[in-house]
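Okay, so here's the structure we're looking at.
The values are calculated or read from the model by the stated rules, or taken from the named source; none is laboratory data. On a predicted model such as this, the values are computed, not experimentally measured, just so you know. Reconstructed Cβ throughout: ideal geometry from the backbone, glycine too, with neighbour counts over all protein chains shown.
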Amino acid sequence: MADSQKLALEFQQNGFIVGNKFNEPDVYIINSCTITANADRTARQAANYAKKQWPNSLVVMTGCYAERDPKGLKSLESVDLIVGGKKKNEIVSRIIDRLNNRKISQIEISEFGNDSLLGRTRASVKIQEGCDQVCSYCIVPKVRGREKSIPPIEIINSINNLANRGVKEVVLTGTQLGTYGFEFGNMSLDILIKKILSETEIPRIRVSSIQPHELNQNLLEIWMDDSRLCPHFHIPLQSGSDKILKSMRRKYDLRMFQNAVNEIRTYIPRASITTDIIAGYPGETDDDHEESKNYLKNLLLSDSHVFRYSDRPGTTSMYINEKTPTKIIDFRSFELREIAILNKKNYLESSIGQIRKVLWEENEGRSGLTDNYVRVKLSKNMVFKKKVKKNTIDSVLLLKVIDEEVLAEIIK
Ligand code: 5AD
């Protein structure tokens, strides 16, 4: 997302009109992901859909899939131009070349074919790129390269720019945030966050993802001291079996993960803790899966994103012979999802009666997000509902869970 937002800005600065409601854009860019075979498929579908709808548009594939498999993508008739994610700095000029100097060009940028970039209340700010970890299943190091931190001054400038343009929340993103700043000396994630808090006036800051062994008291104390930092921690678990975590070459075990969760809950009791977990990693037995289920159940997280294991070309786990059959992967992911939903429901129920700050993403309070990542909408009988504008922040009382949302009323 941060990549797409940056691209949008770059095209705007080069005279393009960036939007998502054109009859037929001159250029349609798919900023692809390649984390799983499913992500690849989604990107291909987006290209096919765009070409079918707008045969005369220039359909461009960029991002990680374009980086990983340009040859394979060449055979797709719906893709006119492929620009690997590492060559993003060339994308504007290569598109201008292809457009033969057409003067004003309308451009649509999408991550998966349906995401709107404009009118957002939240913006992503990339603070770090690449990954030096060696997780067995992951294609990211290959397509995004070595870890590299963005200099603090650039980050501060982009946050101030966004704040001036009216953005209310920034999400600090990257692949490996915990090692932020290692190449600068006297810089780290906690120092960066303190700097952002003191040198910007952005109302809300969210940190996208962090590893259990990177969470420490120093970091948590910043959250305790400043309510502009959203009490939401995404800590990818990947498996609830120590045996599998080891094979995945993760740098923590289940005990360390549980400690990290406990520590957050001790310091920031109402924090939302979310995770990613992979079902059907090679060599995962029924017992390992049962262990994973129990572990996930007992963690009581507020949301868990379940991924079906997917062999990625050239990763270490691709060479493990004991592959889990697709049907079993499907069933295991279904079981993990059930647990994720149950825990989410419990978390939402436990939030009832709380007062939280919500950033409205739609007018009339139709949808908004609390600091601790609860999706809320205003109850119908709120008198001043009409006056509730998108991109404003209100204090709300959480009233009632409806599906995966919470009904709320404004506290004046
Ligand atoms: N198969 C399935 N899920 C994967 N992820 C990363 N690589 C794979 C893979 N090969 C998931 C991890 C990660 C998330 C972004 O994608 O859970 O946290």
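Okay, here's what the table says:
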read-out: Residue among Ile210, Ile191 that is of a type outside the set (Asp, Glu), within 20 Å of Gln176 (Cβ to Cβ) and within 16 Å of the ligand (Cβ to nearest atom); value: Ile210
read-out: Set Ile156, Ile202: member being away from the ligand (no atom under 16 Å from the Cβ), in a helix (DSSP H, G or I), β-branched (Val, Ile, Thr) and touching a helix residue (DSSP H, G or I) at 6+ places or on another chain (Cβ under 8 Å); value: Ile156
read-out: Qualifying helices (runs of 4 or more DSSP H) (wholly inside segment 1-118; at least 1 residues being surrounded by 13 or more Cβ atoms within 10 Å (Cβ to Cβ) and modelled with pLDDT of 95 or more); value: 37-53, 64-68, 70-74
read-out: Criterion: buried (at least 18 other Cβ atoms within 10 Å of the Cβ) and among the basic types (Lys, Arg) - qualifying residue of Arg146, Arg165, Arg206; value: Arg206
read-out: Counted residues, segment 314-332 - those being within 13 Å of the ligand (Cβ to nearest atom) and among the hydrophobic types (A, V, I, L, M, F, W, C); value: 3
read-out: Flag for Leu254 being buried (at least 16 other Cβ atoms within 10 Å of the Cβ), within 22 Å of Val134 (Cα to Cα) and more than 12 Å from the ligand (Cβ to nearest atom); value: yes
read-out: Search result, residues across segment 260-281 that are closer than 21 Å to Ile339 by Cα and not hydrophobic (A, V, I, L, M, F, W, C); value: Asn262, Arg265, Arg270, Ser272, Thr274, Thr275, Asp276, Gly280, Tyr281
read-out: Filter pass, Gly240 being within 15 Å of the ligand (Cβ to nearest atom) and in contact with a Leu (Cβ under 6 Å, 6 or more places away or on another chain); value: yes
read-out: The lone exception for Thr200 - which of (1) modelled with pLDDT under 95; (2) crowded, with 18+ Cβ neighbours inside 10 Å it fails; value: (1)
read-out: Cross-chain or 6+ apart pairs with Cβ under 7 Å, segment 52-81 first and in the same structural domain as Phe16 (by TED's automatic domain parsing) and over 23 Å from Arg144 (Cα atoms), then of a type in the set (Asp, Glu) and not in a helix (DSSP H, G or I); value: Trp54/Glu24; Asn56/Glu24; Ser57/Glu24; Ser57/Asp26; Leu58/Asp26; Leu58/Asp80
read-out: All positions within segment 333-351 that are surrounded by fewer than 16 Cβ atoms within 10 Å (Cβ to Cβ) and either aromatic (Phe, Trp, Tyr) or within 12 Å of the ligand (Cβ to nearest atom) (or both); value: Phe334
read-out: Breaking point among (1) under 26 Å from Lys389 (Cα atoms); (2) in contact (Cβ under 8 Å) with a residue 12 or more places away in the chain; (3) away from the ligand (no atom under 16 Å from the Cβ), for Val171; value: (3)
read-out: Subset of segment 261-313 that is in a loop (DSSP other than H, G, I, E, B) and of a type in the set (Val, Ile, Thr) - its residue that is farthest from the ligand (Cβ to nearest atom); value: Ile268
